[in-house]
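Colleague: For reference, the structure I am asking about is given below.
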Amino acid sequence: MPSRYFPARPPESRVPSPESRSLRLAVLASGRGSNLQALLDAAPTSGYVIAGVFSDRANAPALERARAVGVPAIAIDPKAHATREDFDAALFDAVDAVAPDLVVCAGYLRILTHAAVARYAGRIVNIHPSLLPKYPGLRTHARALADGEAAHGASVHYVIPALDAGPIIAQARVPILAGETPTILAERVLAREHPLLVACVRLLAAGRILQRGSAVLVDSRPLAAPLLLGADDQLHDPAHVA
Ligand code: GRF
């Protein structure tokens, strides 16, 4: 799928300039952490480093994945804080301490407070398992199946103080197959989430994507529609496909 904006370019071919430095990521994750693992695996060739992983659950497997490769991993207990605001303040004090350029919510299951989002406005993204704006919230796969959708998928979007809203950077589409169950559909979508998230963070690390209000700028131009993940695991601009 050729594209004017995204000529296929293996990351290895990028020659960093002497003054360039890796984008520092803080990753928020509540559970399994397979999206975190995809980011960890791709980091050496992708222009970013994972500076810290943060969770609201001390037993989240995501924390173990980080520790296994020497990445600082911190859990903050929501029950130790009187209010959501207090919890988010503590969480984001810990996030601030690793001085991230970008916060990535990768399976983080709590809704962020306005104050937390404001601290990282324009520098916080989320991955959600649906083709937003369809199916914000939970049980997205079952809901898409129940509605008889032809396709489902995943979205990476900037976070704003509303659930699973915010300007959409890119999506991966997954056709729904006859007789599919929510569990199988979720597995097939998850398999596309990993390259989607890595491709988005690579572009963010290269400084090619910015949020401007409700718009996403790619190479300084507003996107008319979300970028699409191709079969080549590269992002393509559907408005500019040749
Ligand atoms: C993913 O489906 C993600 O889109 C959603 O939560 C799930 C997390 O999976 N927000 P994992 O923890 O990354 O394996």
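Colleague: Taking the simple approach of a point 7 Å from Cα along Cα-to-Cβ for both ALA191 and HIS81, what is their distance in nm?
Modeller: 3.8 nm
Colleague: Here's something else I'd like to know. Mind checking the full-extension length gain between ALA151 and ARG32? Use 0.36 nm per residue of separation minus the Cα-Cα distance, one decimal, nm. Let's see the in-between values first.
Modeller: Working: separation 119, 0.36 × 119 = 42.84 nm, distance 2.49 nm.
Here the answer is 40.4 nm.
Colleague: Charges on Cβ only, +1 for Lys and Arg, -1 for Asp and Glu, centred on the Cα centroid of the chain; of VAL201, ILE127, VAL71, which one is farthest towards the dipole's positive end?
Modeller: Looking along the dipole axis, the top candidate is VAL201.
Colleague: A further question on this structure: For the chain, what is the accessible area per residue in Å² when the probe is 1.4 Å? The partial results should precede the final answer.
Modeller: Working: 11350 Å² over 242 residues.
The answer is 47 Å² per residue.
Colleague: A further question follows. Helix-only mean residue ellipticity at 222 nm, the chain, DSSP H runs n ≥ 4 weighted -39,500 (n - 2.57), per residue, nearest 500. What is it?
Modeller: Values: 6 runs with 68 residues, N = 242.
The helix contribution divided over the chain gives -8500 deg cm²/dmol.
Colleague: Moving to a separate point now. Would you work out what percent of the accessible area of the chain, with all protein chains in place, is carbon or sulfur (probe 1.4 Å)?
Modeller: 57 percent
Colleague: Amide H of CYS105 versus every other amide H placed in the peptide plane: which residues, excluding those fewer than 5 positions away on the same chain, fall under 5 Å?
Modeller: LEU28, VAL125, ASN126, ILE127
Colleague: May I pose another question? Using a Förster distance of 35 angstrom, determine the FRET efficiency expected from the C-beta separation of ALA215 and ALA58, and round it to 0.05.
Modeller: Details: r = 39 Å, r/R0 = 1.10.
In this case the efficiency is close to 0.35.
Colleague: To the nearest 0.05, how large is the calculated FRET efficiency for LEU177 and LYS134 if R₀ is 22 Å and r is the Cβ-Cβ distance?
Modeller: That pair, LEU177 with LYS134, gives E of 0.75.
Colleague: Quick check: pseudo-label points 7 Å beyond the Cα along Cα→Cβ at ASP93 and VAL49, how many nm apart are they?
Modeller: Taking the simple label geometry, ASP93 and VAL49 are separated by 2.5 nm.
Colleague: Send over the Kirkwood Rh of the chain, from the inverse of the averaged 1/r over different Cα pairs, rounded to one decimal Å. List each step's numbers first, then the result.
Modeller: Numbers: mean 1/r = 0.0545 Å⁻¹.
It is 18.4 Å.
Colleague: Starting with the highest mean, order 71-80, 27-36, 189-198, 174-183 by the number of other Cβ atoms within 10 Å, averaged over the residues of each peptide.
Modeller: On the way: 71-80: 15.7, 27-36: 22.9, 189-198: 21.4, 174-183: 12.6.
Those peptides, ordered most packed to least, come out 27-36, 189-198, 71-80, 174-183.
Colleague: Set the Förster radius R0 to 51 Å, insert the Cβ-Cβ distance between ARG21 and ILE184 as r into 1/(1 + (r/R0)^6), and round the FRET efficiency to 0.05.
Modeller: About 0.75, to the nearest 0.05.
Colleague: Now a separate question. Roughly what % of DSSP beta bridges within the chain run antiparallel, to the nearest 5? Working shown, then result.
Modeller: Values: 21 of 39 bridges.
Within the chain, antiparallel bridges account for around 55 percent of the total.
The values are calculated or read from the model by the stated rules, or taken from the named source; none is laboratory data. Remember, predicted model here, so these are calculated numbers, not experimental data. Note that each Cβ is placed from the backbone with ideal geometry, even for glycine, and that neighbours are counted across all protein chains shown. All accessible areas refer to the heavy atoms of the entire protein, side chains included, with ligands and DNA or RNA removed. Shrake-Rupley method; radii C 1.70, N 1.55, O 1.52, S 1.80 Å.
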